[in-house]
């Protein structure tokens, strides 16, 4: 069968998972419906709106008190996800019937035993396509991997942990082919749109997750991140997204590109509207002792942040030295800074001895160690061309010619980590707290997003640099782009051609209403603290 | 300068660090002096014998009470090390004067402040040549690396931690060129002999350390292990040696071959006569929070083993399915088993789904990923030939031709770990405790050692398999080879040609008096438990 036919059949099979009553007769154009949320809330009933606007914490509580049933919660999110998918193409797999069955079993259990099976009893959780579930594909955007459902033995550890806690799975979400892109596009599903602004990309590679959770078609989902793939779609959709340090959260049996390339590891982590939900789920996973069943997970228990000093000190990254942010991002960064200072915290400039650009370049070299041969080989199996967004011909790295080059990358990564770690410690000399800065406030991306299919307008410097350093990071929403405030800066002289193109790309009208945020970064394996500090920023912004 | 001249000059420079009064007029032959200890104790005065037969715990206590001074302790060990070196060639660097200066400073501090600088105040600690000290080479047995003293910035983290605790450094110890061997031989120093039996090899690659600590020329030293290099010389000299899981103890700035090859990491760890000393030093290192200054160290604090159940269950590895051990090892294994059973513990056979041989073969493939190009390149710099013990021409692996082969090794390693971890958990179904086995009792090597230069008589199956699995292991001495008991088994039918050669190699007279031991293995990052269980075995054997 031609790859086009396989792709079409798969797409149709996914869409057929949406019951007829929830299908939109006409998909409104981007001009008609820019933001998904208002439009879809009109299609939901009052109860569905209430349920889908609840946090995980609220849902779990209400279910545990018998005030909501698992099945009604599941149905509400299925409905909202179905609508979101039709406007953004965010789902790679839809299996509502299976979810209902599970939800009904949970309700049955609750009725019989008068208690829940676990802290996520009846809560729908969405999963990036990579997470393996029995009987369902993990195609990763490759036509060659369609119709190869995963077996029971292949089920991801993270899925088991969540399911043991009572979670209900109902959809998996789109990725770009191979996941090696900051947008989400494949020959199977096409392009996934931003749920806040359908003119724009949802980001990537956990883009389907970003669009779905962004429209509250899921209360919380899981993405993965090797160069920014959790953080980019999280910030593009105004979400809290956790990129933890390597293997803090178990990646065991999650399908992946370059699954065992050992120098730079992809991590899996939650993306959510609500920071408390992010914490609940992260803690729950770590409390399950994931190192018992995943040899890569270091045995670090959850360490609750308690009695943390009141006055904090933050490093702030103003820019990477090569570009100026678009006005909404610039404003978000200043808002974050000002809010922290207004609460009595201290903010000093973060000037590490290894630049973001250097770190990020090293990440790209590591990603391209095989000249992307694995990606090209997988595409060749079905004959599909590689989508433009993943890799244009010109950009294709040559890859290494000797294993020693690869080991040199590993060495350089370690040296960068060591130098920046020592710099971090040295900031104690600059702070008034006497401690090194507690965290770093950094942009995630230079703009709020970009127009499909302009994937080339991207710099991973603010994201992949932290993958190289392996620091923990939580994206934190700050504001929305506002065409009245975020005006083009006509006086600014661009630093270089790329910066010039970036500035010219900005259009207040285009970006209006799109989320703008930052990330809060902490040292390696300080996920608890990253979540805590994101909360400090959130609270400071709310004052 | 010809490499021979550089090597000779270096050797002479090292030997010149021994004061004239401590030089032996004639080095006795192996036939004249088989075991080092009795011979050298006759050369020491009573006080020196008493000091050098003390444990680290005892020395530290006496120094802290003012009953011993740092300088007298240091001098006693310097004397004993000097004698041991002359009989075994165990030291790669000798710097007694520097040690005296340090010891005198410590005594001064103690006199002035009435307290010690830390828990190792005045205790001499020896270091494998790899550990960088300011102003001293870390030649790793390579002529090309001679006369390249390390700078202050290059000092190993582990050296700093030990020095901060008050340790006194006085020697570094020999390694085979590149460290990739189970014996200890280089063109600089020649061959290092076993201090219990100078007919035999001290083992390797931390062989100098094994010989030195074995003769109590050091109360405790540090070796490294990527395939058995701590455990082989430890067991050959009847020592407790800890091979912890990857980077539990910081390797930062320790010179190394294949320093950043990311699939299989060498680890650093202590080797000691006394298990309590091993624990003291390991705990002290981990309590120093080594992750703060080493990006590779996972932040796992010391977790004291307390309230552990009284009845334990052990898995035992009887053999690798390809060879029978020499009689002393077979006896040691049975003694360990019987002693545990006699104390009410349970011992069941360990039959993992991935064999030791498979794990060990994978290790060799990973070690040889570059066809040992790095080693050959380093030798080429000085023109020295590679010593036979490290790699014979026939054995040289081809190395990989594509990075994907390397990633496949990483994948296989993970799969092996996963399968054996799950098997370990499944042993709960076989034990009477209801828990998985608490630890594994395994041989370390099929014989007590081998004659120089017979390095080919070796199988890493009992050692490198645990590097692949990344389990924690503590070697535990059990007995000494006894020519009256450990007779040749004339009835035994060898399983294969290698086994036949191994059996024929055995000679009760040759091995008489050489230590025979086992290793106690626990899951990944369970160093505390490995030390605890080694203590259980030790105590069981003493009953």
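The values are calculated or read from the model by the stated rules, or taken from the named source; none is laboratory data. This is a predicted model, so every value here is computed, not measured. With ideal geometry, Cβ positions are generated from the backbone for all residues, glycine too; neighbour counts draw on all protein chains shown.
What's the number of the condition residue B:385 fails, among (1) without any contact (Cβ under 8 Å) to a residue 24 or more places away in the chain; (2) surrounded by fewer than 16 Cβ atoms within 10 Å (Cβ to Cβ); (3) more than 14 Å from chain A (Cβ to nearest Cβ)?
Only one criterion is unmet by residue B:385, namely (1).
Can residue B:202 be described as more than 14 Å from every other protein chain (Cβ to nearest Cβ) and either surrounded by fewer than 24 Cβ atoms within 10 Å (Cβ to Cβ) or touching a residue at least 40 places away in the same chain (Cβ under 8 Å) (or both)?
Considered against the rule, which asks whether it is more than 14 Å from every other protein chain (Cβ to nearest Cβ) and either surrounded by fewer than 24 Cβ atoms within 10 Å (Cβ to Cβ) or touching a residue at least 40 places away in the same chain (Cβ under 8 Å) (or both), residue B:202 comes out as yes.
Only one of these conditions is not met by residue B:487: (1) in a loop (DSSP other than H, G, I, E, B); (2) within 14 Å of another protein chain (Cβ to nearest Cβ); (3) closer than 30 Å to residue B:328 by Cβ. Which number is it?
It fails just one condition, (2).
Among the numbered criteria (1) in contact (Cβ under 8 Å) with a residue 24 or more places away in the chain; (2) part of a loop (DSSP other than H, G, I, E, B), which single criterion is violated by residue A:340?
(2)
Check whether at least one residue in the range A:513-524 is surrounded by fewer than 19 Cβ atoms within 10 Å (Cβ to Cβ) and touching a residue at least 12 places away in the same chain (Cβ under 8 Å), and report yes or no.
yes
Based on what the data block shows, is residue B:364 at pLDDT below 95 and away from chain A (no Cβ under 14 Å)?
Criteria met by residue B:364.
Answer yes if at least one residue in the range A:227-249 is at pLDDT 95 or above, surrounded by fewer than 24 Cβ atoms within 10 Å (Cβ to Cβ) and within 14 Å of chain B (Cβ to nearest Cβ), and no otherwise.
Yes, the range A:227-249 has at least one match.
When you scan the range B:254-278, how many residues do you find that are over 24 Å from residue A:408 (Cα atoms) and more than 15 Å from the chain's Cα centre (by Cα)?
Number satisfying all stated conditions: 1.
Name the single residue that is surrounded by the fewest Cβ atoms within 10 Å (Cβ to Cβ) among those in the range A:272-304 being more than 14 Å from chain B (Cβ to nearest Cβ) and not in a helix (DSSP H, G or I).
A:304
For the range B:158-178, check the following and say yes or no: at least one residue is within 14 Å of chain A (Cβ to nearest Cβ), surrounded by fewer than 24 Cβ atoms within 10 Å (Cβ to Cβ) and either at negative phi or in contact with a strand residue (DSSP E or B) (Cβ under 6 Å, 6 or more places away or on another chain) (or both).
yes
Could you list, in sequence order, all residues of the range A:63-79 that are touching a residue at least 24 places away in the same chain (Cβ under 8 Å) and either touching a strand residue (DSSP E or B) at 6+ places or on another chain (Cβ under 8 Å) or more than 24 Å from residue A:282 (Cβ to Cβ) (or both)?
Across the range A:63-79, the qualifying residues are A:66, A:69, A:70, A:71, A:72, A:73, A:74, A:75, A:76, A:77, A:78, A:79.
Scanning for something more than 14 Å from chain A (Cβ to nearest Cβ) and touching a residue at least 12 places away in the same chain (Cβ under 8 Å), does the range B:392-410 turn up at least one residue?
yes
Could you list all residues from the range B:343-390 that are part of a helix (DSSP H, G or I) and either farther than 30 Å from residue B:421 by Cβ or not assigned by TED's automatic domain parsing to the domain that holds residue B:463 (or both)?
B:373, B:374, B:375, B:376, B:377, B:378, B:379, B:380, B:381, B:382 - these are the residues of the range B:343-390 that are part of a helix (DSSP H, G or I) and either farther than 30 Å from residue B:421 by Cβ or not assigned by TED's automatic domain parsing to the domain that holds residue B:463 (or both).
Scan (1) out of contact with any helix residue (DSSP H, G or I) (no Cβ under 7 Å at 6 or more places or on another chain); (2) buried (at least 16 other Cβ atoms within 10 Å of the Cβ) for the single condition residue B:430 breaks and write down its number.
(2)
Answer yes or no: is there a residue in the range A:449-456 that is over 26 Å from the mean Cα position of the chain (by Cα) and modelled with pLDDT of 95 or more.
For the range A:449-456, residues over 26 Å from the mean Cα position of the chain (by Cα) and modelled with pLDDT of 95 or more: absent.
Exactly one of these conditions fails for residue B:444: (1) touching a helix residue (DSSP H, G or I) at 6+ places or on another chain (Cβ under 8 Å); (2) surrounded by fewer than 24 Cβ atoms within 10 Å (Cβ to Cβ); (3) under 26 Å from residue B:344 (Cα atoms). Give me its number.
The number of the failed condition is (2).
Identify, by number, the condition in (1) at pLDDT 95 or above; (2) in a loop (DSSP other than H, G, I, E, B); (3) not assigned by TED's automatic domain parsing to the domain that holds residue A:208 that residue A:329 doesn't meet.
Result: residue A:329 passes all but (2).
Which of (1) within 30 Å of residue B:512 (Cα to Cα); (2) touching a strand residue (DSSP E or B) at 6+ places or on another chain (Cβ under 9 Å) does residue B:461 not meet, given it meets every other one?
For residue B:461, the failing item is (2).
Could you tell me which numbered condition residue B:428 fails, if it satisfies all but one of (1) closer than 23 Å to residue B:536 by Cα; (2) in contact (Cβ under 8 Å) with a residue 60 or more places away in the chain; (3) over 18 Å from the mean Cα position of the chain (by Cα)?
(2)
From the list B:359, B:379, exactly one residue is away from chain A (no Cβ under 14 Å), surrounded by 18 or more Cβ atoms within 10 Å (Cβ to Cβ) and under 25 Å from the mean Cα position of the chain (by Cα). Which is it?
Result: B:379 is the single residue among B:359, B:379 that is away from chain A (no Cβ under 14 Å), surrounded by 18 or more Cβ atoms within 10 Å (Cβ to Cβ) and under 25 Å from the mean Cα position of the chain (by Cα).
Out of the range A:5-62, which residues are touching a strand residue (DSSP E or B) at 6+ places or on another chain (Cβ under 6 Å) and under 21 Å from residue A:196 (Cβ atoms)?
A:56 - this is the single residue of the range A:5-62 that is touching a strand residue (DSSP E or B) at 6+ places or on another chain (Cβ under 6 Å) and under 21 Å from residue A:196 (Cβ atoms).
Mind telling me which of the residues A:473, A:432 ends up being modelled with pLDDT of 95 or more, closer than 30 Å to residue A:184 by Cβ and away from chain B (no Cβ under 12 Å)?
A:473
Go through the range A:305-319 and give me each residue that's surrounded by 21 or more Cβ atoms within 10 Å (Cβ to Cβ) and part of a loop (DSSP other than H, G, I, E, B).
The answer is A:312, A:317.
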